[in-house]
Amino acid sequence: MPNIASAKKRQRTTAKRTAINHSRKTRVRSFVRKVEEALTKGDRKAAEVALKAAEPEIMRGVSKGVIHKNTGARKVSRLTKRLAKLPK
């Protein structure tokens, strides 16, 4: 346990940030999961809607520093590619 006031504050701040980052990452994952579920079902319409909602969420995660820039771009790219392969 820290004894110095600034160290105590750092500990509190870190705990808060960790909780926020965890919830953001979970939110990104659930949006991606919705797209993947629609893709596996083969439901193009639902997949398009889910991807349209997931893309800004993934990029928000990137801008907040929860996921790396290239990881976000890769996720969006792969989901888009899988959506394009679905029959129209």
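Readers should treat all values here as calculations from the given coordinates under stated rules, not as data from a laboratory. Just so it is clear, the model here is predicted, and its values are computed rather than measured. Here Cβ is always computed from backbone atoms with ideal geometry, including for glycine, and neighbour counts include all displayed protein chains.
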TODO: Determine, yes or no, whether THR40 is under 20 Å from the mean Cα position of the chain (by Cα) and of a type in the set (Val, Ile, Thr).
DONE: yes
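For the range 68-83, indicate whether the set of residues that are closer than 17 Å to ARG24 by Cβ and outside any helix (DSSP H, G or I) is non-empty. Outline the logic, then answer.
Going through the range 68-83, the residues closer than 17 Å to ARG24 by Cβ turn out to be 68-69, 71-72, 75-76.
Filter again for outside any helix (DSSP H, G or I), leaving 68.
Checking the range 68-83: at least one residue is closer than 17 Å to ARG24 by Cβ and outside any helix (DSSP H, G or I).
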- [ ] Could you please find all residues in the range 1-47 being among the aliphatic types (A, V, I, L, M), surrounded by 11 or more Cβ atoms within 10 Å (Cβ to Cβ) and not in a helix (DSSP H, G or I)?
- [x] none
